[in-house]
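A quick write-up on the structure given underneath.
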Amino acid sequence: MIRYRQLFINSTLNSYSTVFFSNNKLFALLIMLTTFININAGISGLIAVVFTNFIAYWMGYNEASISKGSYAFNSLLVGLGLGITYELTMAFFLLLLLSAIFTFFLTISLEGIIGKYALPFLSLPFLFSIWLFFIATYNFQSLKLSEHGLFVYNEIYNVGGMNLVNKYNQMNSLNIPISLVIYFKSLGAIFFQYSLIAGMVIALGLLLYSRIAFTLSLLGFYTAYLFNLFIGVNLNEYDYCFIGFNFILTAIAIGGYFIIPSRSSYFWVILLVPLIAIVTAGSNRVFMVYQLSIYSLPFNVIVILFLYVLKFRAKSTLLIEEVVFQYNSPEQNLYLHHNSKNRFRNMYYFPVSLPFWGKWHISQGQNGSITHQAEWQHAWDFVIKDENKKTYAYPGLNNEDFYCFGKPVIAPAEGIVEEVINSVNDNKIGDVNLNENWGNTIVIKHAAFLYSKLSHLKKDSIKVKKGDVVKKGDIIAACGNSGRSPEPHLHFQFQATPHIGSQTLKFPLSYYISQKENDYKFRQFDIPTEGESISNIEKNNLLNKAFHFIPGQKMNVIVRDFATKIKEEVNWEVFTDYYNNSYIQCAKTKAKAYFVNDGTVFYFKHFEGNKKSLLFYFYMATYKMMLGYYKNLTIKDQFPVNLMNNKLMMVIQDFIAPFYIFMKTDYNIIYQRIDDSLNTNFIKFKSKAEYKVFNQVRKKTTFSFTLKNDCYFHLIIKDNNKILEATCLD
């Protein structure tokens with residue numbers, strides 16, 4: 001019963017706010033209230049919404065889409081349009097229900113037709129439905145035209161007497177510019193409420209929901225206002241046609257909903273609005289012949305056309321970026337995109353690791369001074385050095401004296417072996433073979449236009465043949481001294497073609513540890529340089545076990561507040577959604593922390609819900625964890641801008657975020673102590689989250705995080721004056 005009640009509430013409210021691309025409940029409630037300024041319209045719109053959602057549920061459509069209001073917002077607009085036109089009679093209610101069914105069918109059909117091009121159907125179902133029903137009802141004798149709105153003062157007097165009439169007059173006689181009056185009326189007209197009061201309430205709701213959307217609504221409207229003023233359009237037409245809102249909705253859609261808010265998105269709003277004005281003027285002349293309003297036609301034409309055109313770009317430039325995952329808020333779209341771009345800017349690269357075990361040294365890096373030049377500049381030469389920085393043991397006259405000679409070479413990633421040379425003799429120390437430059441070589445195809453090449457391998461050591469499938473970490477050969485190689489080393493490069501001798505390709509290594517003396521640095525999708533000592537990440541069993549969350553796993557955490565002495569038990573469970581996104585959910589608060597474990601690194605990618613919950617603190621404390629232990633290793637990352645927000649500062653930030661972000665929240669974790677690297681029973685970390693304004697720390701939360709074999713984790717949290725202790729024994 002609770003589930004159905006929640007579905008009913010969400011689906012009803014979201015059907016109102018979805019018109020503005022929002023799922024904000026307060027905004028939805030304000031919009032709903034404004035629709036009842038004209039009581040007939042309000043009742044009709046609400047009936048259309050509830051009936052459409054019922055039909056969608058009854059027919060078995062996706063509950064998530066129903067809850068979002070995706071199926072009913074067009075029916076809402078049709079219901080409002082019919083309700084403001086006709087009196088509420090039995091014939092009208094029958095017509096209303098039929099229009100809701102027809103609009104719903106159009107919504108589903110257009111979702112399938114337009115959706116396959118990854119385009120939104122917007123309010124096209126509303127347009128087709130209301131045009132059809134208005135044309136069809138011209139001669140319906142049982143329908144009576146509504147007189148609501150014709151005798152406004154009489155209606156207001158009947159509701160609240162002379163006092164309400166006086167307040168209504170005061171509201172409509174406010175000393176505000178005519179352009180602002182038209183702006184407010186345009187907002188109200190979206191819901192067929194041609195009223196200054198309705199527009200002002202909706203503007204307030206829009207401001208509360210999104211500062212970016214509110215700014216864009218003004219930008220879109222005033223760009224159109226000035227353009228029409230410039231070309232000589234009679235601005236009084238805005239008072240009599242429901243067309244002013246086309247500029248507002250287009251500005252929000254292009255400036256901040258479908259496109260990441262930025263200077264470029266604002267520029268495109270300014271550029272597209274004059275086109276809407278032209279489409280509005282042209283289509284209005286055509287539709288006047290049939291005594292129909294164009295409603296939101298210009299908005300639909302320009303937005304869908306623009307989004308469709310973007311699909312054919314040869315490359316996606318950073319000047320205008322489409323929203324990939326929709327959060328129904330321009331601010332959320334911007335902040336989470338900004339965070340993802342900083343955190344995962346190289347994650348689209350195919351993950352390739354180092355082709356060896358243990359620590360090796362880069363004797364020649366990319367654009368090196370010996371052979372890595374011109375077309376072959378993007379390559380590395382690897383050797384092994386001892387504590388004295390020697391590559392060999394005394395006397396160093398034979399290949400076997402060199403530490404790297406004969407050491408295993410492993411597949412850097414999964415792939416198919418494309419080329420193999422295995423018969424070139426290893427050189428004597430100091431000699432080179434210029435005739436067989438690359439020596440014994442393996443070329444592996446990992447993806448289209450991505451191959452790795454390993455050269456100067458030991459003769460007869462290659463364990464694979466052409467056509468073999470290899471997995472990451474498979475031993476495929478041994479390091480040698482063949483080809484143009486005066487002493488044993490491993491040559492490693494990426495290339496776009498399978499041929500031995502192909503020019504090199506600049507491509508990063510996914511994860512590795514860079515070491516200088518006892519200082520370890522974690523590198524992610526980076527290119528190591530000459531002189532570095534590097535290694536693959538060696539996973540620690542305790543770390544790997546601790547962060548190996550599987551669906552259905554349950555965790556019981558005991559939380560103690562040092563200030564209040566209150567103890568409570570918190571229950572978490574691991575789930576996977578329809579899109580294979582894994583997350584931990586708190587049973588009490590329903591907060592969710594989405595995570596990824598790629599086998600080398602564990603990291604959280606999104607949090608939603610109560611930011612006072614223990615799960616949120618756990619999310620902050622373990623935001624990014626490398627699954628190998630290296631003493632004093634520091635890992636840094638960034639949280640989304642709005643994570644530890646000061647509400648007042650966030651409001652200011654929201655207004656200017658598309659142009660400049662002055663706030664940030666940094667993450668930092670230090671690997672402090674371990675009892676035994678081979679048989680680990682205890683690891684301790686220290687992490688912190690710092691909220692900064694103009695790079696000045698304004699707030700800091702610190703964490704002491706301990707893993708034990710007999711205790712899943714122990715966490716101490718210090719957040720201002722609050723100190724919490726959390727222990728998970730599972």
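Do you know which of the residues in segment 158-198 that are among the β-branched types (Val, Ile, Thr) and surrounded by 14 or more Cβ atoms within 10 Å (Cβ to Cβ) is modelled with the highest pLDDT?
First, the residues of segment 158-198 that are among the β-branched types (Val, Ile, Thr): 159, 165, 176, 178, 181-182, 190, 197.
So of that shortlist, the ones also surrounded by 14 or more Cβ atoms within 10 Å (Cβ to Cβ) come out as 165, 181-182, 190, 197.
Details: VAL165: 51, VAL181: 85, ILE182: 87, ILE190: 92, ILE197: 86.
Filtering segment 158-198 for residues that are among the β-branched types (Val, Ile, Thr) and surrounded by 14 or more Cβ atoms within 10 Å (Cβ to Cβ), the one modelled with the highest pLDDT comes out as ILE190.
Under the condition of being among the aliphatic types (A, V, I, L, M) and farther than 17 Å from PHE92 by Cβ, which residue from segment 30-50 is surrounded by the most Cβ atoms within 10 Å (Cβ to Cβ)?
First, the residues of segment 30-50 that are among the aliphatic types (A, V, I, L, M): 30-33, 37, 39, 41, 43, 46-50.
The next check asks that each one be farther than 17 Å from PHE92 by Cβ; those that pass are 30-33, 37.
Working: LEU30: 21, ILE31: 30, MET32: 20, LEU33: 15, ILE37: 19.
It comes out as ILE31.
I need the full set of residues from segment 640-658 which are hydrophobic (A, V, I, L, M, F, W, C) and more than 19 Å from the chain's Cα centre (by Cα), in order please. Even if it seems obvious, please write down each step before you answer.
Narrowing segment 640-658 to residues hydrophobic (A, V, I, L, M, F, W, C): 641, 643-644, 648-652, 655-657.
LEU648, MET649, MET650, VAL651, ILE652, PHE655, ILE656 - these are the residues of segment 640-658 that are hydrophobic (A, V, I, L, M, F, W, C) and more than 19 Å from the chain's Cα centre (by Cα).
Of the residues in segment 527-542, how many are surrounded by 13 or more Cβ atoms within 10 Å (Cβ to Cβ) and either part of a loop (DSSP other than H, G, I, E, B) or within 28 Å of the chain's Cα centre (by Cα) (or both)?
The qualifying residues number 10.
Examine segment 121-135 for a residue that is within 26 Å of the chain's Cα centre (by Cα), surrounded by fewer than 16 Cβ atoms within 10 Å (Cβ to Cβ), part of a helix (DSSP H, G or I) and at pLDDT below 95, and state whether such a residue exists.
No: zero hits.
I need the full set of residues from segment 366-400 which are over 23 Å from ILE429 (Cβ atoms) and in contact with a strand residue (DSSP E or B) (Cβ under 6 Å, 6 or more places away or on another chain), in order please. Walk me through it before giving the result.
Applying the first criterion (over 23 Å from ILE429 (Cβ atoms)) to segment 366-400 yields 366-367, 373-378.
Passing the criteria: TRP376, HIS378.
Quick one: which residue in SER296, SER353, SER264 is at pLDDT 90 or above, at negative phi and in contact with a Lys or Arg (Cβ under 7 Å, 6 or more places away or on another chain)?
Values: SER296 fails: in contact with a Lys or Arg (Cβ under 7 Å, 6 or more places away or on another chain); SER264 fails: in contact with a Lys or Arg (Cβ under 7 Å, 6 or more places away or on another chain).
That would be SER353, the only listed residue that is at pLDDT 90 or above, at negative phi and in contact with a Lys or Arg (Cβ under 7 Å, 6 or more places away or on another chain).
Which members of segment 678-705 meet the condition of being among the aliphatic types (A, V, I, L, M), surrounded by 15 or more Cβ atoms within 10 Å (Cβ to Cβ) and within 27 Å of the chain's Cα centre (by Cα)?
Filtering segment 678-705 for residues among the aliphatic types (A, V, I, L, M) gives 678, 683, 689, 693, 697.
With surrounded by 15 or more Cβ atoms within 10 Å (Cβ to Cβ) added as a condition, the list becomes 683, 689, 693.
Selection gives ALA689, VAL693.
Could you figure out which of (1) assigned to a helix (DSSP H, G or I); (2) at pLDDT below 90; (3) crowded, with 24+ Cβ neighbours inside 10 Å isn't true of ALA213?
Of everything listed in (1) assigned to a helix (DSSP H, G or I); (2) at pLDDT below 90; (3) crowded, with 24+ Cβ neighbours inside 10 Å, ALA213 misses just condition (2).
Among the residues of segment 502-526, write down those that are surrounded by 14 or more Cβ atoms within 10 Å (Cβ to Cβ) and either farther than 22 Å from LYS631 by Cβ or not assigned by TED's automatic domain parsing to the domain that holds GLY368 (or both). Walk me through how you get there before you give the answer.
Residues of segment 502-526 surrounded by 14 or more Cβ atoms within 10 Å (Cβ to Cβ): 502-505, 507-515, 520-526.
Once the filter is applied, which keeps residues that are surrounded by 14 or more Cβ atoms within 10 Å (Cβ to Cβ) and either farther than 22 Å from LYS631 by Cβ or not assigned by TED's automatic domain parsing to the domain that holds GLY368 (or both), segment 502-526 yields SER502, GLN503, THR504, LEU505, PHE507, PRO508, LEU509, SER510, PHE525.
Scan segment 20-29 and tell me whether some residue there is of a type in the set (Ser, Thr, Tyr), out of contact with any helix residue (DSSP H, G or I) (no Cβ under 7 Å at 6 or more places or on another chain) and surrounded by 19 or more Cβ atoms within 10 Å (Cβ to Cβ).
First, pick out the residues of segment 20-29 that are of a type in the set (Ser, Thr, Tyr): 22.
Checking which are out of contact with any helix residue (DSSP H, G or I) (no Cβ under 7 Å at 6 or more places or on another chain) leaves us with none.
No - not one qualifying residue is present in segment 20-29.
Have a look at LYS612, LYS631 and point out the one that is touching a residue at least 24 places away in the same chain (Cβ under 8 Å) and out of contact with any Gly (no Cβ under 6 Å at 6 or more places or on another chain).
On the way: LYS612 fails: touching a residue at least 24 places away in the same chain (Cβ under 8 Å).
Checking each option against the conditions leaves just LYS631.
Given segment 366-475, what strands (runs of 3 or more DSSP E) lie entirely inside it while holding 1 or more residues that are of a type in the set (Lys, Arg) and within 29 Å of PHE350 (Cβ to Cβ)? Let's see the steps before the verdict.
Working: elements: 379-383, 408-410, 415-421, 440-447, 450-457.
Where strands (runs of 3 or more DSSP E) fall fully within segment 366-475 and carry at least 1 residues being of a type in the set (Lys, Arg) and within 29 Å of PHE350 (Cβ to Cβ), they are 440-447, 450-457.
Inside segment 568-580, can you point out the residues that are more than 16 Å from ASN597 (Cα to Cα) and either modelled with pLDDT of 90 or more or in contact with a helix residue (DSSP H, G or I) (Cβ under 7 Å, 6 or more places away or on another chain) (or both)?
Taking segment 568-580 first, the residues more than 16 Å from ASN597 (Cα to Cα) are 568-573, 578.
Of everything in segment 568-580, those that are more than 16 Å from ASN597 (Cα to Cα) and either modelled with pLDDT of 90 or more or in contact with a helix residue (DSSP H, G or I) (Cβ under 7 Å, 6 or more places away or on another chain) (or both) turn out to be GLU568, GLU569, VAL570, ASN571, TRP572, GLU573.
GLY69 versus (1) closer than 30 Å to ASN333 by Cβ; (2) of a type outside the set (Lys, Arg); (3) modelled with pLDDT of 95 or more: which is the lone unmet condition?
(3)
Report yes if TYR617 is more than 21 Å from TRP572 (Cβ to Cβ), buried (at least 20 other Cβ atoms within 10 Å of the Cβ) and in contact (Cβ under 8 Å) with a residue 24 or more places away in the chain, otherwise no. First the steps, then the outcome.
Values: more than 21 Å from TRP572 (Cβ to Cβ): no; buried (at least 20 other Cβ atoms within 10 Å of the Cβ): yes; in contact (Cβ under 8 Å) with a residue 24 or more places away in the chain: yes.
For TYR617, the condition - more than 21 Å from TRP572 (Cβ to Cβ), buried (at least 20 other Cβ atoms within 10 Å of the Cβ) and in contact (Cβ under 8 Å) with a residue 24 or more places away in the chain - is not met.
Which residue pairs have Cβ atoms under 6 Å apart, sit 6 or more places apart or on different chains, and have a first residue in segment 454-474 that is more than 14 Å from PHE356 (Cα to Cα) and a second that is surrounded by fewer than 19 Cβ atoms within 10 Å (Cβ to Cβ) and among the β-branched types (Val, Ile, Thr)?
From segment 454-474, the pairs are VAL469/ILE416.
Could you list all residues from segment 617-668 that are among the acidic types (Asp, Glu) and assigned to a helix (DSSP H, G or I)? Steps first, please.
Of the residues in segment 617-668, the ones among the acidic types (Asp, Glu) are 637, 654, 666.
ASP654 - this is the single residue of segment 617-668 that is among the acidic types (Asp, Glu) and assigned to a helix (DSSP H, G or I).
Take segment 580-613 and flag every residue that is of a type in the set (S, T, N, Q), under 20 Å from GLY628 (Cα atoms) and touching a Lys or Arg at 6+ places or on another chain (Cβ under 9 Å).
Of all residues in segment 580-613, those of a type in the set (S, T, N, Q) come to 580-582, 585, 589, 597, 600, 610, 613.
With under 20 Å from GLY628 (Cα atoms) added as a condition, the list becomes 597, 600.
Correct list: THR600 only.
May I ask you to say which residue of VAL286, VAL301 is outside any loop (DSSP other than H, G, I, E, B), modelled with pLDDT under 90, outside the structural domain of LYS664 (by TED's automatic domain parsing) and among the aliphatic types (A, V, I, L, M)? Reasoning before the result, please.
On the way: VAL301 fails: modelled with pLDDT under 90.
Going through VAL286, VAL301 in turn, just one is outside any loop (DSSP other than H, G, I, E, B), modelled with pLDDT under 90, outside the structural domain of LYS664 (by TED's automatic domain parsing) and among the aliphatic types (A, V, I, L, M): VAL286.
Has segment 451-467 got any residue that is of a type in the set (A, V, I, L, M, F, W, C) and in contact with a Lys or Arg (Cβ under 6 Å, 6 or more places away or on another chain)? Working first, answer last.
As a first pass, look at segment 451-467 and keep what is of a type in the set (A, V, I, L, M, F, W, C): 454, 457, 462, 464.
Adding the requirement that they be in contact with a Lys or Arg (Cβ under 6 Å, 6 or more places away or on another chain) leaves none.
No; the residues of segment 451-467 include none that is of a type in the set (A, V, I, L, M, F, W, C) and in contact with a Lys or Arg (Cβ under 6 Å, 6 or more places away or on another chain).
The values are calculated or read from the model by the stated rules, or taken from the named source; none is laboratory data. Since the structure is predicted, the reported quantities are computational estimates derived from the model, not experimental observations. Methodologically, a virtual Cβ is constructed for each residue, glycine included, from the backbone with ideal geometry; neighbour enumeration extends over all protein chains shown.
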